[in-house]
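Presented below is the structure to which this report refers.
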Amino acid sequence: MNKFIKFNLSVFLIVCVFYKVNAQSVTDLRSMGYAIFPAPQKVDLENKNILIDDSWQVRFDKSVPNKITSSFAERVQELHSLKFSGQGSGKIELRVNKEAVKGIANLSNSKQAYKITISDGSVRIEGNDETGLFYGVQSFIQLMKPTPRGKFQLPLGTITDWPDLELRFIHWDTKHHRDKVATLKRYIDWSAYFKINAIAFEIEDKYEYPSHPIIGSPDAFTKEEMQELTKYALDRFIQLVPNVQAPAHMAYVLKHKEFEHLKADHESNYQACMCNDEAMELIFDMYQDMIDATPGVDYFFVSTDEVYYAGICGECKNEYNEENRSKAWVEYLQRVNKWMKERNRRVLAWVEYPLLPKDISKVPSDVIDAIMGPHKTKEWSVNETKAGIDQLSYSSMQGAEYLFPNYFSTKYRNRQINGRLSDAYRDISNREGEGANLIGTFAAAWDDAGLHSETFWLGWATVTQYGWTKNTPSLQQNIIDFMDLFYGMDSPDMVETYVGLQEGARFYEDLWERKESVERTRGYGNSKGKGVGGEMQDLLIDPLMIPSAKDLSVEPVFTVKYAEKINEATVLLEKNQRLILHLIRNITRVRHNSYNLEVLLSIALLERYTMNMVINLAKVEDYLVRASKADSENQAVSLLVEAHQLSGKILQEQNEMWKALNATWGKSRLAKGAGVGGKDFLHVYDDVKDHFADRRKGLEYMLAPFERMGIEDWRKQLSKVITDFSELHNIPVTGLEAERLED
């Protein structure tokens, strides 16, 4: 496909999936064939280009720290396979100049400002501060457009840039997986490339907690590893901010017998007693452990997420009701904030339920509310602003959907949605329109459904884009700019890939019926209180009927009940086949992040298996129905054997797909739920939450719906029917030998 057709296909797809977002003209930078991410504030270009190559020299004075110059050299080498030798006359000058960009009132934003001046034979990169210079370097590397013969093109002119909002958080949620240290360093490098400057590291049991080591999972990060990651991030002007779930979402702690007595209610491991001094000391010990693990960081995320049962503990003096629940929540945050201030950490929290609007004024004014989202009313926003509380515009790039995020417009759980990218595009203007006092953005990416973090980059980058330059560029250009820089300017089109993955993921998710759970007991309650809700559901579809061994009679239940899904799978399978070929081909064609495509391929293969399973089960049932109506017993047995063999192929494909997925995900992660060094992982369900990714100890949560169908057991039963019927009619059976399935 030539580049013109490829570009127009991308445009067509984006128009389709963002039909409610008004398109804008492209920026001047884009119109000349360049991209900077996030899009810069001010661009003054001549309609000319220059070429640079490895003969250029890099100059800097003592004001430029080594961490910037070394990072510059490393990233140019990594992303462009270029090493500046300094043998030619062209020069790149790096300089810290506090007067480089003037007129920015906010001091923190001013420190992040930079200016790039490109002229014949010379490039000057200036930053108001070290941070600004670092960001200027990232933009320069992004501008380097590859040309034939190993040279790079740059536009003549000046780029002046600064962020609109001070903080640009992304969210690493590791509650259900553990990334390798090398993986997270790569994530830090790419975060810095996109000018992300803070990461909320939701750690749960993935830290060793020296004060209470029983809490740490067998694969938990050590103190040394955390300090190594913290320094690596700080060297790239990123704050690696600990996010410790407390006092709710504490099943990872309260599941241990050593801490059972600290539960808010002995019936639930969800929340610790907020009125128990020992419980509070435990939480403070965990906070201190994470402070020690992240030296040099200015913030701490104390969570306060979904504290449904604040004050329910028998040790709390006040009656448990709506007003006292809000009061207990405020008192907890006040106590924690005072403790953190003594340790020079500024607190971030989820300032929301069970807090009542009338109690917002009691929230310490130096706390940052990290969840100014669409669920909050205008009254709430105004009250927070009046109380002097700084806020982050909250955009969730992942909530409960399976396999791949809902980036684009789609029908999801029986309602039409705009897509998460479209929401993120509008979030800041919507929050500010409601009276919020924003100082940054928060791009959430929850681990509840167990998606691979490689699927989150478009979302993380998009939220960051509009935290840097509000509402610019258009959402359509934002996507193309991201694709060009994340995969490489001359890499194959990836928009169609993302659309296809989302479509296949929604088929996987929508396929399953939700039935009363036989794996889990009723939950403790929900946000409305103890004993309210709590119904748990298992995902599955009904298995095929087993024919009668006497006369082979069978009802075609599957093909009737799931006719719509069978037809949908047939249509999607053709698209999925093209998607898989596209991914395999492009793994070697993208300039950057080829592993990302490997992960996307593993997801596409799981989606293909899901489609094939539905189609093949329909074929199996057809064999059974035809066998029941066969003209002879011999023909009937032959059809039954066909059904048996095809069901075996379903299991074989599952095993092959699963082996490949585990191998791919294992390149970036440690094995989920595995024991290490003689310590086993204690897998206990949360009494309130029922996360998809927690339904199995390992990665098998993605296979759980298939397992519940019992295809392997069904196949054994069919084998017995075939044997019994054949013996009854004295018919020899061939082709029924047990097929070897890969481990």
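Identify all residues within region 467-511 that are under 29 Å from Arg413 (Cα atoms) and touching a strand residue (DSSP E or B) at 6+ places or on another chain (Cβ under 7 Å); write none if there are none.
Gln502, Arg506
Do we find a residue being without any contact (Cβ under 8 Å) to a residue 24 or more places away in the chain, open to solvent by 10 Å² or more (accessible area, probe 1.4 Å) and over 13 Å from Ala505 (Cα atoms) anywhere in region 611-619?
Looking through region 611-619, none of the residues is without any contact (Cβ under 8 Å) to a residue 24 or more places away in the chain, open to solvent by 10 Å² or more (accessible area, probe 1.4 Å) and over 13 Å from Ala505 (Cα atoms).
Identify all residues within region 401-450 that are acidic (Asp, Glu) and either under 17 Å from the mean Cα position of the chain (by Cα) or under 20 Å from Asn243 (Cβ atoms) (or both); write none if there are none.
Going residue by residue through region 401-450, those that are acidic (Asp, Glu) are 401, 423, 427, 432, 434, 447-448.
Of everything in region 401-450, those that are acidic (Asp, Glu) and either under 17 Å from the mean Cα position of the chain (by Cα) or under 20 Å from Asn243 (Cβ atoms) (or both) turn out to be Glu401, Asp423, Asp447, Asp448.
Looking at Glu574, Glu564, Glu519, Glu555, can you tell me which residue is surrounded by fewer than 21 Cβ atoms within 10 Å (Cβ to Cβ) and in contact (Cβ under 8 Å) with a residue 12 or more places away in the chain?
Exactly one of Glu574, Glu564, Glu519, Glu555 is surrounded by fewer than 21 Cβ atoms within 10 Å (Cβ to Cβ) and in contact (Cβ under 8 Å) with a residue 12 or more places away in the chain, namely Glu519.
Going residue by residue through region 146-156, is there one that turns out to be surrounded by fewer than 19 Cβ atoms within 10 Å (Cβ to Cβ), of a type in the set (Val, Ile, Thr) and in contact with an Asp or Glu (Cβ under 7 Å, 6 or more places away or on another chain)?
No: zero hits.
Criterion first (out of contact with any strand residue (DSSP E or B) (no Cβ under 8 Å at 6 or more places or on another chain), touching a residue at least 24 places away in the same chain (Cβ under 8 Å) and open to solvent by 20 Å² or more (accessible area, probe 1.4 Å)) does Pro547 satisfy it?
For Pro547, the condition - out of contact with any strand residue (DSSP E or B) (no Cβ under 8 Å at 6 or more places or on another chain), touching a residue at least 24 places away in the same chain (Cβ under 8 Å) and open to solvent by 20 Å² or more (accessible area, probe 1.4 Å) - is not met.
Which one of these does Asp490 not meet: (1) in a loop (DSSP other than H, G, I, E, B); (2) over 20 Å from Tyr187 (Cβ atoms); (3) open to solvent by less than 10 Å² (accessible area, probe 1.4 Å)?
Just one mismatch for Asp490, condition (3).
With the condition kept exactly as written, say whether any residue in region 629-651 is in a loop (DSSP other than H, G, I, E, B) and under 34 Å from the mean Cα position of the chain (by Cα).
Checked against the condition, which is being in a loop (DSSP other than H, G, I, E, B) and under 34 Å from the mean Cα position of the chain (by Cα), region 629-651 yields no hits at all.
Please return the ranges of helices (runs of 4 or more DSSP H) entirely within region 1-96 where 3 or more residues are open to solvent by 70 Å² or more (accessible area, probe 1.4 Å) and at pLDDT 95 or above. Quick ask: steps written out before the conclusion?
Values: elements: 3-17, 28-31, 66-80.
Here the list reads 66-80.
With the checklist (1) more than 16 Å from Tyr187 (Cβ to Cβ); (2) open to solvent by less than 10 Å² (accessible area, probe 1.4 Å); (3) not in a loop (DSSP other than H, G, I, E, B) in hand, flag the one item Ala449 doesn't pass.
If we test Ala449 against (1) more than 16 Å from Tyr187 (Cβ to Cβ); (2) open to solvent by less than 10 Å² (accessible area, probe 1.4 Å); (3) not in a loop (DSSP other than H, G, I, E, B), just (3) comes out false.
Looking at this structure, is Trp460 in contact (Cβ under 8 Å) with a residue 12 or more places away in the chain, in contact with a strand residue (DSSP E or B) (Cβ under 8 Å, 6 or more places away or on another chain), closer than 30 Å to Ala704 by Cα and outside any loop (DSSP other than H, G, I, E, B)?
yes
Six or more apart or on different chains, Cβ atoms under 7 Å: show the pairs whose first residue is in region 214-236 and more than 30 Å from Asn66 (Cβ to Cβ) and at pLDDT 95 or above and whose second is open to solvent by 40 Å² or more (accessible area, probe 1.4 Å) and assigned to a helix (DSSP H, G or I).
Correct list of pairs: Ile214/Glu258.
For a quick check of your reading: which strands (runs of 3 or more DSSP E) sit entirely within region 364-424 and have at least 2 residues that are more than 30 Å from Glu607 (Cα to Cα) and aliphatic (A, V, I, L, M)?
Per the criteria, 368-372.
With the checklist (1) of a type in the set (Phe, Trp, Tyr); (2) buried (at least 22 other Cβ atoms within 10 Å of the Cβ); (3) within 21 Å of Gly529 (Cα to Cα) in hand, flag the one item Tyr353 doesn't pass.
With (1) of a type in the set (Phe, Trp, Tyr); (2) buried (at least 22 other Cβ atoms within 10 Å of the Cβ); (3) within 21 Å of Gly529 (Cα to Cα) applied to Tyr353, the lone miss is (2).
Tell me, yes or no, whether region 392-406 has at least one residue that is of a type in the set (Gly, Ala, Ser), farther than 24 Å from Met494 by Cα and out of contact with any helix residue (DSSP H, G or I) (no Cβ under 9 Å at 6 or more places or on another chain).
Checking region 392-406: not a single residue is of a type in the set (Gly, Ala, Ser), farther than 24 Å from Met494 by Cα and out of contact with any helix residue (DSSP H, G or I) (no Cβ under 9 Å at 6 or more places or on another chain).
Please state which of the following conditions Glu306 fails to meet, knowing it meets all the rest: (1) open to solvent by less than 40 Å² (accessible area, probe 1.4 Å); (2) within 21 Å of the chain's Cα centre (by Cα); (3) of a type outside the set (A, V, I, L, M, F, W, C).
Exception for Glu306: condition (1).
If you check Val641 against the conditions, is it of a type in the set (A, V, I, L, M), touching a residue at least 60 places away in the same chain (Cβ under 8 Å), surrounded by fewer than 21 Cβ atoms within 10 Å (Cβ to Cβ) and in contact with a Pro (Cβ under 9 Å, 6 or more places away or on another chain)? Reasoning before the result, please.
On the way: of a type in the set (A, V, I, L, M): yes; touching a residue at least 60 places away in the same chain (Cβ under 8 Å): yes; surrounded by fewer than 21 Cβ atoms within 10 Å (Cβ to Cβ): yes; in contact with a Pro (Cβ under 9 Å, 6 or more places away or on another chain): no.
So Val641 does not fit the description; no.
Based on this model, can you work out whether Glu204 counts as at pLDDT 95 or above, in contact with a helix residue (DSSP H, G or I) (Cβ under 8 Å, 6 or more places away or on another chain) and in a loop (DSSP other than H, G, I, E, B)? Give the steps one after another, and end with the answer.
Details: at pLDDT 95 or above: yes; in contact with a helix residue (DSSP H, G or I) (Cβ under 8 Å, 6 or more places away or on another chain): yes; in a loop (DSSP other than H, G, I, E, B): yes.
When the stated conditions are applied, Glu204 passes them.
Just checking, how many residues over region 455-484 are open to solvent by 10 Å² or more (accessible area, probe 1.4 Å) and of a type in the set (Val, Ile, Thr)?
Residues flagged as open to solvent by 10 Å² or more (accessible area, probe 1.4 Å) and of a type in the set (Val, Ile, Thr) within region 455-484 amount to 2.
Any idea which of (1) open to solvent by 10 Å² or more (accessible area, probe 1.4 Å); (2) closer than 26 Å to Leu539 by Cα is the one Ile603 doesn't satisfy?
(1)
Just to be sure I understand, how many residues within region 221-243 are farther than 29 Å from Gly132 by Cα and surrounded by fewer than 23 Cβ atoms within 10 Å (Cβ to Cβ)?
Number of matching residues: 3.
What's the total number of residues in region 245-258 that are among the aliphatic types (A, V, I, L, M), in contact (Cβ under 8 Å) with a residue 40 or more places away in the chain and either touching an Asp or Glu at 6+ places or on another chain (Cβ under 8 Å) or assigned to a helix (DSSP H, G or I) (or both)?
Total satisfying the criteria: 3.
Go through the residues of region 671-678 one by one and say whether even a single one is open to solvent by 20 Å² or more (accessible area, probe 1.4 Å) and either more than 26 Å from Lys180 (Cβ to Cβ) or acidic (Asp, Glu) (or both).
No, region 671-678 contains no residue that is open to solvent by 20 Å² or more (accessible area, probe 1.4 Å) and either more than 26 Å from Lys180 (Cβ to Cβ) or acidic (Asp, Glu) (or both).
Against the condition touching a strand residue (DSSP E or B) at 6+ places or on another chain (Cβ under 8 Å), open to solvent by less than 10 Å² (accessible area, probe 1.4 Å) and in contact (Cβ under 8 Å) with a residue 40 or more places away in the chain, how does Ala192 come out, does it pass?
No.
The values are calculated or read from the model by the stated rules, or taken from the named source; none is laboratory data. Since this is a predicted model, take the numbers as computed values, not measurements. We place every Cβ from the backbone using ideal geometry, glycine too, and count neighbours over all the protein chains shown. Side chains are part of the model used for accessible areas, which takes the heavy atoms of the whole protein and leaves out ligands, DNA and RNA. Shrake-Rupley method; radii C 1.70, N 1.55, O 1.52, S 1.80 Å.
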